[in-house]
Structures are given as C-alpha cells and as structure tokens.
Amino acid sequence: MHNLAPVALAADGLPEALKKTVTEWGERTGVRAEFTVTGTTEELHGEVAATLLRIVQEALSNLSKHASAFRAGVTLSYMGDEVTSTSATTSTLLIVDDHPVVRDGLRGMFQSEPGFRVLGEASGGTEALARAAALDPDVILMDLRMPGGGGVDAIRELTRRGARAKVLVLTTYDTDSDTLPAIEAGATGYLLKDAPREELFTAVRAAAEGRTVLSPAVASRLVSAVRAPCNEPLSAREREVLALVARGTSNREIARELFISEATVKTHLTHLYAKLGVRDRAAAVAVAYDRGILG
C-alpha cells in the first residue's frame with residue numbers, strides 16, 4: 001500500500017496530501033480518480049490528519065484489489081466540529097432520450113444515489129455521438145426511437161469507433177425489430193422504462209463493469225429470436241470461456257485467466273456462437289441461461 005511520509009503530510013496539510021495520494025493512486029492503477037473538498041478547511045491535529053490519510057490509503061488499496069473500477073472519488077468534508085472522508089467508485093453516465101421530462105427524471109434519480117454522476121444529456125443519436133466523444137462516460141443510457149438520430153445507429157457507430165462507454169438501452173420498445181438490432185449493434189444491455197429504480201441502478205453498475213444486462217421480457221424475446229437447433233454440445237473449454245463472458249470478462253482477461261492466447265479465445269467464441277446459433281456475447285449468455293448451460 002502506498003504511504004506518504006509524515007513529513008510530507010506536515011508540509012502539505014491534509015487536503016494536499018490526500019490530493020497527491022488520490023492522483024498518484026489513479027496514475028498507478030489507471031483508474032480515473034478525483035478528489036474534492038467540501039466545507040471550510042480547518043487545521044487538524046496531526047494524529048487526526050494522519051489517521052484520515054491512512055484510512056483513505058487503505059480504502060484505495062482495497063478498491064484496486066477487489067473492485068473493477070473505471071472511476072473513483074474521494075471527498076474530504078469539513079462540517080463544523082466534524083471532518084469525514086469518503087472513498088467510493090463512481091459510474092458516470094450520459095443520458096440519451098428525446099423527451100426532456102424523461103431526461104430530467106433520470107438525472108434527478110441518479111444524482112440522488114451515491115456512486116453515480118451524470119456527465120450530460122443528449123436528445124438524439126447524432127448528439128449522443130458528439131457528447132460521448134467529449135465526455136467519455138462509463139455508461140450511456142440510450143433510448144432507441146428518436147427524431148435526432150436513432151439509438152441503434154448511434155450504438156453501431158460507437159462500436160465502430162471503439163468507444164469505451166458501455167451502452168445500456170432504456171426504452172419502452174421490446175419488439176424483435178428493436179431488441180435484436182440493438183444487441184447486434186453492440187449494446188451491453190437492454191432494459192424497459194418500467195424497470196424498478198433499484199433494478200436500474202444495479203443494471204448501470206453491471207454495465208459499467210462490462211456485464212450483460214437484459215430485462216426478463218427482453219431476454220425471453222431475444223432467446224426466442226436467436227435460438228437455433230443444435231445437438232452439438234459445448235466443450236469443457238467453451239463452457240469455461242462462456243462462463244467468463246457471462247461475468248463481463250474481456251478476451252484479454254479470459255486469455256490470462258485460462259492461460260491461453262487471445263486468438264484461441266476468439267476461436268472458442270466463434271465455435272460456441274455457432275453451436276448456440278448466436279452472433280454476439282449478449283445473445284450467447286441469454287441462450288446459455290435459457291438452456292441451462294449457465295446456472
């Protein structure tokens with residue numbers, strides 16, 4: 001665990017020491033780390049400052065070991081005779097919907113929940129592409145049918161560009177003509193707008209980690225649309241690869257986990273896609289759960 005020398009703490013003061021700690025941790029781990037201070041800064045007793053610094057260092061150390069974070073934030077809050085520090089992963093969002101009322105409602109909901117930060121909004125697919133490039137969010141909540149550019153076209157273009165953001169479709173439409181093109185274009189998940197609040201929070205966190213998220217109704221419809229009869233069973237290795245895919249593991253991570261090359265991973269994926277009658281990860285996971293291959 002990285003530590004700052006007491007001399008550095010004494011010279012810099014707690015806010016500056018924490019800022020340096022968070023910045024250095026972010027550079028070392030590749031996680032986008034942010035540090036903020038709220039309230040009126042006050043000088044603290046040396047032992048109190050050192051304790052808070054150690055707490056943050058320990059929290060960041062645990063975060064790098066046990067969480068798949070893209071962003072992390074540390075806040076130092078001065079509240080009269082109290083001072084607190086909090087460390088947490090933060091999922092950033094871009095909300096794309098042509099209805100201002102829907103955008104306002106989603107923004108308010110996510111801003112009131114710890115661990116989320118809304119970076120911006122867009123009213124259509126074309127605007128979403130520009131906003132995504134400028135803001136680089138972790139997750140894009142994407143409606144499908146919008147006059148300012150359709151969601152599927154935007155998803156396809158984001159995929160073509162190799163955008164880091166994961167796209168979670170949030171719409172009222174669950175027909176085959178909507179679900180299949182969105183998933184095939186590269187969407188990580190697909191939820192309907194009547195999803196409960198907590199389900200939506202969970203889905204965004206999962207999407208940020210690269211895990212596939214499908215509402216039950218959409219999963220059933222997707223499975224029915226892509227299922228193709230096949231009597232050839234998956235090999236043991238293909239099952240291992242599929243299980244890791246279901247956990248949102250990248251090809252590179254799968255290769256490292258199974259001690260094989262990325263090319264071999266892609267070959268296994270090609271074979272299991274053919275056996276399951278699908279064309280992408282999301283569909284493969286959905287079919288595998290429906291057939292009991294994944295439990």
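For the reader, a short list of remarks on this structure follows.
- Extending 7 Å from Cα along the Cβ direction at Glu113 and again at Glu198 yields two label points whose distance is 1.1 nm.
- Cβ-based net charge around Gln111, under 11 Å, with every Lys or Arg adding one and every Asp or Glu removing one: 0
- Across the accessible surface of the chain, with the other protein chains kept in place and a 1.4 Å probe, carbon and sulfur atoms take up 52 percent.
- Springs join every pair of Cα atoms under 10 Å in this Gaussian network model of the chain, and among Gly108, Gly210, Gly124 the largest mean-square fluctuation is at Gly108.
- Ligands, DNA and RNA are left out, and with a 1.4 angstrom probe the accessible area of the chain is 50 Å² per residue.
- Note, ³J(HN,Hα) from phi for segment 202-214, Karplus 6.51, -1.76, 1.60, rounded to Hz, x at Gly and Pro: 4, 5, 5, 4, 5, 4, 4, 8, x, 8, 6, 10, 9
- When peptides 109-121, 145-157, 234-246 are sorted by average Cβ neighbour count within 10 Å, with the highest value leading, the order is 145-157, 234-246, 109-121.
- Residues whose amide H lies under 5 Å from that of Arg145, counting only those 5 or more places away or on a different chain, are Gly151; hydrogens are built 1.01 Å from N in the peptide plane.
- Long-range HN-HN contacts of Val118 with modeled amide H, under 5 Å: Leu93
- Helix-only [θ]222 nm of the chain, DSSP H runs n ≥ 4, -39500 (n - 2.57) each, per residue, nearest 500: -16500 deg cm²/dmol
- Distance between the modelled labels on Ala263 and Glu47, one decimal in nanometres: 6.3 nm (7 Å Cα→Cβ projection).
- Relative to the dominant Cα principal axis of the chain, helix 14-29 is inclined by about 30°.
- Axis angle, to the nearest 10 degrees, between helix 262-276 and the longest C-alpha principal axis of the chain: 40 degrees.
- Relative to the dominant Cα principal axis of the chain, helix 100-111 is inclined by about 50°.
- Looking at segment 9-52, the GluC sites (Glu not before Pro) that sit in a DSSP loop and have at most 14 other Cβ atoms within 10 Å of their own Cβ are Glu42, Glu43.
- Additional length obtainable on full extension of the chain from Ile55 to Arg28, 0.36 nm per residue less Cα span: 7.9 nm
- The phi-based Karplus calculation (6.51 cos²θ - 1.76 cosθ + 1.60; θ = phi - 60°) puts the 3J(HN,Hα) values of segment 287-295 at 5, 4, 5, 5, 8, x, 5, 10, x Hz, whole numbers, x for Gly and Pro.
- Computed over the alpha-carbon pairs of the chain, the distance histogram in 10 Å steps reads 6, 24, 28, 22, 13, 6, 1, 0 percent, short to long.
- In the chain, lysine pairs closer than 25 Å at Cα, eight or more apart or cross-chain: 6
The values are calculated or read from the model by the stated rules, or taken from the named source; none is laboratory data. Because the structure is a prediction, the values reported are computed rather than measured. Using ideal geometry, Cβ is built from the backbone for each residue, glycine included, and neighbour counts are taken over all protein chains shown. Just the protein is used for accessible areas: all its heavy atoms, side chains included, with ligands, DNA and RNA removed. Shrake-Rupley method; radii C 1.70, N 1.55, O 1.52, S 1.80 Å.
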